[in-house]
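Please treat every number below as a calculation from the coordinates, not as lab data. Quick caveat: nothing in here was measured; it's all calculated off a predicted structure. For neighbour counting, all protein chains shown are included, and Cβ atoms are generated from backbone atoms with ideal geometry for every residue, glycine included.
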Amino acid sequence: MNSRKQCSLFYDPNAGNYLIQYRGNFKEEIDKVSYACGAIITNTIGVIAVNENDLSRLRKDVPSIVYVDFRSGAVLQDISPSYADNINNIKINPYLDLTGKGVIVGIIDTGIDYLNPEFIREDGTSRILSIWDQSINEYEHPEFSKPNNDLYIGQRYSNEEINSAILASKNNQDPYAIVPSKDEVGHGTKVAGIIGARGYTSEIQGVAHDC
């Protein structure tokens with residue numbers, strides 16, 4: 001059986017997406033269910049997409065699910081973390097030398113503007129290792145579908161693809177034909193800047209500007 005079950009429920013705003021804990025043959029069991037989808041994250045943690053009124057039924061049909069983490073609300077925040085955590089006083093201490101060099105940061109947010117010069121090195125290459133855009137719906141936009149995509153939702157773009165998109169932008173070509181991921185809200189880009197803006201402009205430098 002294909003390890004990646006095609007399922008539009010992950011994109012359905014009316015369906016619930018839940019983290020689950022499982023034991024046993026979770027993937028084998030849920031792939032036999034027509035009204036829900038699931039994917040494995042680790043050997044004990046997974047994710048499911050199912051309409052809320054089918055959740056109790058699913059737990060009976062997929063007995064390997066031992067726990068469901070119900071969703072909680074999340075909102076964007078305007079308070080600067082660097083201000084709240086007194087980061088500025090740490091950065092101006094010349095003896096600490098905390099730049100973030102060698103550190104890899106993962107951010108879960110609204111996306112990132114990969115064309116922002118704060119995330120581009122002086123040689124023109126991207127500091128972003130990868131983008132996993134879960135908002136790119138291959139069912140609505142099949143032109144964005146990538147071969148051999150093993151993700152249960154969205155599309156992943158590599159550093160090499162991001163570099164190609166940046167180069168296309170410099171050559172007056174459409175970068176989004178290569179990497180269509182956009183941060184339409186802007187919150188994710190701001191958070192990424194707080195963490196790792198390299199200081200291209202004098203107004204901002206990230207806490208870990210060399211990450």
**Request:** Give the residue from T44, N137, T125 lying farthest towards the positive end of the charge dipole for the chain; charges sit on Cβ (+1 for Lys and Arg, -1 for Asp and Glu) and the dipole is referred to the Cα centre.
**Result:** T44
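Under a Cβ-only charge scheme (Lys and Arg +1, Asp and Glu -1), can you give me the dipole magnitude of segment 148-207 about the Cα centre, in debye to the nearest 20? Mind dumping the intermediate values first?
Numbers: 5 positive and 7 negative charges, 32 e Å.
Taking the Cα centre of segment 148-207 as origin, the dipole is about 160 debye.
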**Prompt:** Between V103 and S8, what is the label-to-label distance in nm when each label sits 7 Å out along the Cα-to-Cβ direction?
**Reply:** 4.3
**Dimensionless Rg over Rh [the chain; C-alpha; Kirkwood]** = 1.03
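Please report the relative contact order for segment 119-211, taking Cα pairs under 8 Å with a sequence separation of at least 6, and give it as a percent rounded to a whole number.
Numbers: 107 pairs, mean separation 19.7, N = 93.
Over segment 119-211, the number comes to 21 percent.
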**Mean separation of Cα contacts under 8 Å, 6 or more apart, over the residue count of the chain: relative contact order %** = 21
**Asked** In terms of modelled amide H atoms, which long-range or inter-chain residues lie less than 5 Å from the amide H of E138?
**Response** G154
**Fill in**
Under the Karplus relation with 6.51, -1.76 and 1.60 and θ = phi - 60°, whole-Hz ³J(HN,Hα) for segment 24-34, x at Gly and Pro, equal x, 8, 4, 5, 5, 5, 6, 5, 8, 8, 8
**Prompt:** Residues of segment 129-146 with amide nitrogen under 20 Å from the 7 Å Cα-to-Cβ point of A177?
**Reply:** 141-146
**Asked** Helix 159-170 versus the longest principal axis of the chain: what angle, 0 to 90°, nearest 10, using Cα atoms?
**Response** 50
**Prompt:** Taking a Cβ-Cβ separation under 4.7 Å as the criterion for a possible partner, which cysteines of the chain have none?
**Reply:** C211
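Using 0.36 nm per residue of separation minus the Cα-Cα distance, give me the extension gain between D54 and N159 in nm, one decimal. Can you show the working numbers first?
On the way: separation 105, 0.36 × 105 = 37.80 nm, distance 3.95 nm.
Full-extension gain reported as 33.8 nm.
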**Asked** Under 5 Å between amide H atoms, partner at least 5 residues away or on a different chain: which partners does N51 have, H built in plane at 1.01 Å?
**Response** G16
